[in-house]
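The values are calculated or read from the model by the stated rules, or taken from the named source; none is laboratory data. Quantities reported herein were computed from a predicted structural model and do not represent experimental measurements. Here the Cβ positions follow ideal geometry from the backbone for every residue, glycine too, while neighbour counts run over all protein chains shown. Note: areas computed on protein heavy atoms with side chains; ligands, DNA, RNA excluded. Shrake-Rupley method; radii C 1.70, N 1.55, O 1.52, S 1.80 Å.
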Amino acid sequence: MIRTRARVLPALLVSVVAAGCSQVTGDDEQHAGIGDVFELHGRAEGRPLTVQLPNLRYDFVVSRPQARARQTVGEYDEHWSADPAAGAEFLEIGYRPARTEGDAWALWRPSPRGDLPDPVFTVVADGDRIVLDNDLRFDWLVTIPADADDLALEVEFDGRTLRTDLGGADSGIDAFGGTPPRRTTVPCPEQPRTDLRGGVRFNGTDCSVTALSAVPWHVAVGWAAPGRAWLVAEVNVGINTYFTGGDGAGTDYEIGYGEPVYRLDGALPHVVLDEDGRELASRPGDMTVDDVRTVVFDVPADATSATLEVAMDYTGTPEDDEGQRVRFRLRRSLPLALR
């Protein structure tokens, strides 16, 4: 099977006329022109190149430009020449999905967005743009301009394009800058039973925080702005508690809960999400034991630490309408490592 002229932009037309795309010569052999893409018979050979995106890592192999193909071009009965058209060269490219280190899976959970489009891989050669078929079952033979001064790979993912020079010694793409995201459970001391004024006792509660190190992308909010990152933390505060005591030994209290307040170094969250990844403005009725929310903060990309402050009010109203209303404010201040 052959894939020819793989979505080359209109700017290529001039070079096609000059070079002759998919030329047929007197010997009845076809000569691949710029933009022709073929399934490679065998594995690509060349140097390794890693593309780490937020969702998946790809291990590439990219050859040097070749004046003559080292393997059969196209299908065996189609009479393609191993020599490309004048002004063109071949490039072998292979890529496979690979395991991402760390906890990158957490960037996709929770998510109401469904499946995002696959990344789009484009070979750029002196202004010509050749989009690869995103089918990971094959390696590719790509026909590019000969002696290209600018030879690069671009990857478009969720609205942002990342680029690497295919001729550079340190080429590759890493959305995480060499530091895979990690989830960490942050100590959140339990609130013990507490005596309040008037002989009232708050029965106590607990909390938990799991924070993801700062990341450039999250499914709920997409890419952070240049120079910025996202700090994502799941915060769980217990709301299954009660008040006792007060003016009468048998006083029963109806308990109420205020909305939790989250601040990171004094700043409010960019967004607060429920367990399904949807934006949440107030506590839904089905939160009866624990208040669980994911908070996303906008932070500087080079920040290494921050302090998360969590606060929530608990109130008790005597059920017999006698006695005083009581209130307890839970406060927690938790240091977070962003790197």
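Below, the figures for the structure above:
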| read-out | value |
| --- | --- |
| Where a residue in the range 269-294 is within 16 Å of Ala106 (Cα to Cα) and its partner, wherever it lies, is among the basic types (Lys, Arg) and modelled with pLDDT under 95, with Cβ under 8 Å and at least six apart | Gly277/Arg109; Gly277/Arg113 |
| Which numbered condition Asp252 misses (of (1) open to solvent by less than 50 Å² (accessible area, probe 1.4 Å); (2) farther than 25 Å from Thr185 by Cα) | (1) |
| Selected residue [open to solvent by less than 60 Å² (accessible area, probe 1.4 Å), within 30 Å of Val51 (Cα to Cα), out of contact with any Ser or Thr (no Cβ under 9 Å at 6 or more places or on another chain) and in the same structural domain as Arg327 (by the TED database)] from Pro216, Pro226 | Pro216 |
| Answer residue from the range 238-253, given it is part of a loop (DSSP other than H, G, I, E, B) and not β-branched (Val, Ile, Thr) and is nearest to Val219 (Cα to Cα) among those | Asn240 |
| Residues of the range 66-113 that turn out to be open to solvent by 60 Å² or more (accessible area, probe 1.4 Å), touching a Pro at 6+ places or on another chain (Cβ under 9 Å) and over 30 Å from Val221 (Cβ atoms), as a count | 2 |
| Residue tally, condition more than 31 Å from the chain's Cα centre (by Cα) and either of a type outside the set (Lys, Arg) or not in a loop (DSSP other than H, G, I, E, B) (or both), over the range 316-339 | 15 |
| Every residue from the range 166-177 that is of a type outside the set (A, V, I, L, M, F, W, C), modelled with pLDDT under 95 and open to solvent by 60 Å² or more (accessible area, probe 1.4 Å) | Gly167, Asp170, Gly177 |
| Test: residue in the range 189-206 that is within 18 Å of Thr307 (Cα to Cα) and open to solvent by less than 40 Å² (accessible area, probe 1.4 Å) | no |
| Qualifying residue in the range 194-206 (condition: of a type in the set (Asp, Glu), more than 17 Å from Asp103 (Cα to Cα), in contact with a Leu (Cβ under 8 Å, 6 or more places away or on another chain) and free of Cβ contacts under 8 Å to residues at least 60 places away in the same chain) | no |
| Flag if Ala152 is outside the structural domain of Ile255 (by the TED database) and touching an Asp or Glu at 6+ places or on another chain (Cβ under 6 Å) | yes |
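So that you can scan it fast, the table gives a plain yes or no per residue for (1) surrounded by 15 or more Cβ atoms within 10 Å (Cβ to Cβ); (2) part of a loop (DSSP other than H, G, I, E, B):
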site: Asp149; (1), (2): no, yes
site: Val155; (1), (2): yes, no
site: Arg163; (1), (2): no, no
site: Thr179; (1), (2): no, yes
site: Leu212; (1), (2): yes, no
site: Ala220; (1), (2): yes, yes
site: Val232; (1), (2): yes, no
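This table checks each residue for (1) modelled with pLDDT under 95; (2) of a type in the set (D, E, K, R); (3) under 38 Å from the mean Cα position of the chain (by Cα); (4) assigned to a loop (DSSP other than H, G, I, E, B).
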site	(1), (2), (3), (4)
His41	yes, no, yes, yes
Asn55	yes, no, yes, yes
Tyr58	yes, no, yes, no
Arg68	no, yes, no, yes
Gln71	yes, no, yes, yes
Tyr76	yes, no, no, yes
Asp83	no, yes, no, yes
Glu89	no, yes, yes, no
